[in-house]
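Take a look at the structure set out below.
Bear in mind these aren't lab numbers, they're just calculated from the coordinates by the rules spelled out. This structure is a prediction, so every number in the text was calculated from the model and none was measured. Positions of Cβ are backbone-derived with ideal geometry, glycine not excepted, and every protein chain shown enters the neighbour counts.
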Amino acid sequence: MLLLDGKLASEHFKIAIKSKIDHYLSLGYRPPHLTAVIVGNDGASETYVSSKERNSKALGMTSEIIRLPSSCSEEELLNVIDELNLLAHVDGYIVQMPLPKHISANKVIERIDFKKDVDGFHPMNTGHMFKGLPSLLPATPMGVLMMLEYFKIDTVGKHAVVIGRSDIVGKPMTALLSRNAYPGNCTVTMCHSKTVNVEKYTLDADILVVASGIPEMVTADMVKPGAVVVDVGISRIENKNVDKGYEIKGDVHFDSVKEVASALTPVPGGVGLMTICGLMMNTLQAYEENYIKSHPDL
Ligand code: GUN
């Protein structure tokens, strides 16, 4: 079984991103800048946002986190977004999800300048993606594609099954795996919580991408021998016997599925690292589009 090691793959792409940034800096350009907005103090969101900040700085970007209390109103958050849209040195920014219930995620996403939308969540970016036009792609599905590319997984004509229909992962993943590109050209089936006999589909999958949010839902008996299995799940499961008080589990039962799959991502250390890498790639792309192209002879 080939371990689809996110550390190995993400390091490869991060080296390429850093060398591009070093090149721009050597020409006298300012570094790319990524801002993350976090509302409230959800532990997992705080971990992700800190990791995004750490990674961007390690690649030579500048980065900042804007922390707003969970009591912040929708209007206050929209005002922060309006300011970020206007700030020339902010090439890209993200608003960490989930947001408190009193704030409409859709309203927030639609307010982001789509050229700075390095999460690829704005309808303008999703629209361009579905049409196969250049756009900022959502970071997690993009990270999965980068993983498949790094490990040279053959995707042409394969049956890809995606479990999950979220705007962030499931929906864009199906669009990207079916497009006429590499990685892509798959025949794609989307499964979700109302799918009857999900194993009927998963057992026919050459490539299985699991983004159900249900810890260890995919077990060996649901996987076709030789399949490539990509686990997008990251759940914190309480465990008082470990220092942190919780363990990280994916949506795939790793120990059983590793016996039947030809390739499998670990959790942690798999897709999560690729998501960060996708975000870094998008920030570089936004910087090139919004700043470098408008200062051609600095
Ligand atoms: N919450 C879970 N995944 C993501 C992501 O990729 N971006 C943001 N902003 N929030 C998330």
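Quick notes on this one:
- Pair Glu259, Asp297: separation of 7 Å Cα→Cβ label points (nm): 6.8 nm
- Classified by the C-alpha gyration tensor, the range 1-152 has a prolate form. Its axis ratio a/c, with a ≥ b ≥ c, is 1.5 or above, and a/b is larger than b/c.
- Protection-proxy order for peptides 190-199, 255-264, each taking the mean of Cβ atoms within 10 Å per residue, highest first: 255-264, 190-199
- Modelled spin-label separation between Thr47 and Ser166, with each label point placed 7 Å from Cα along the Cα-to-Cβ direction: 1.4 nm.
- Amide N proximity, the range 243-274 versus Ala220 label position 7 Å along Cα-to-Cβ, cut-off under 14 Å: 253-262
- The modelled label-to-label distance for the pair Tyr29/Glu199, using points 7 Å beyond Cα in the direction of Cβ, is 5.3 nm.
- Cα gyration tensor, the range 11-50 - rounded (a/c under 1.5), prolate or oblate: oblate
- Annotation: lysines with alpha-carbon distance below 23 angstrom to Lys101 (same-chain offsets under eight excluded): Lys171.
- Computed from phi, the 3J(HN,Hα) profile of the range 286-298 under the Karplus parametrisation 6.51, -1.76, 1.60 (θ = phi - 60°) reads 5, 4, 5, 6, 8, 10, 4, 5, 8, 10, x, 10, 5 Hz, with x in place of Gly and Pro.
- Straight-line cross-link reach from Lys57 at under 20 Å between alpha-carbon atoms covers these lysines, not counting any fewer than eight positions away in the same chain: Lys7, Lys14, Lys18, Lys20, Lys116.
- Evaluating 6.51 cos²θ - 1.76 cosθ + 1.60 at θ = phi - 60° for every residue in the range 111-125, the Karplus couplings come out as 7, 5, 5, 4, 6, 9, 7, 6, 7, x, 9, 5, x, 5, 6 Hz, glycine and proline recorded as x.
- Environment charge at Val271 (Cβ cut-off 13 Å; Lys +1, Arg +1, Asp -1, Glu -1): -2
- Cα gyration tensor, the range 155-298 - rounded (a/c under 1.5), prolate or oblate: oblate
- Trypsin sites (Lys or Arg not before Pro) restricted to DSSP loop in the range 47-105 with at most 15 other C-beta within 10 Å: Lys101
- All-pairs Cα distance distribution in the chain, expressed in whole percent, bin size 5 Å: 1, 5, 11, 15, 18, 16, 14, 10, 6, 2, 1, 0
- Helix-derived mean residue ellipticity, 222 nm - over the chain, DSSP H n ≥ 4, -39500 (n - 2.57), to 500: -11500 deg cm²/dmol
- Computed from the Cβ-Cβ distance with R0 of 41 Å, the FRET efficiency linking Leu8 to Ser73 stands at 0.40.
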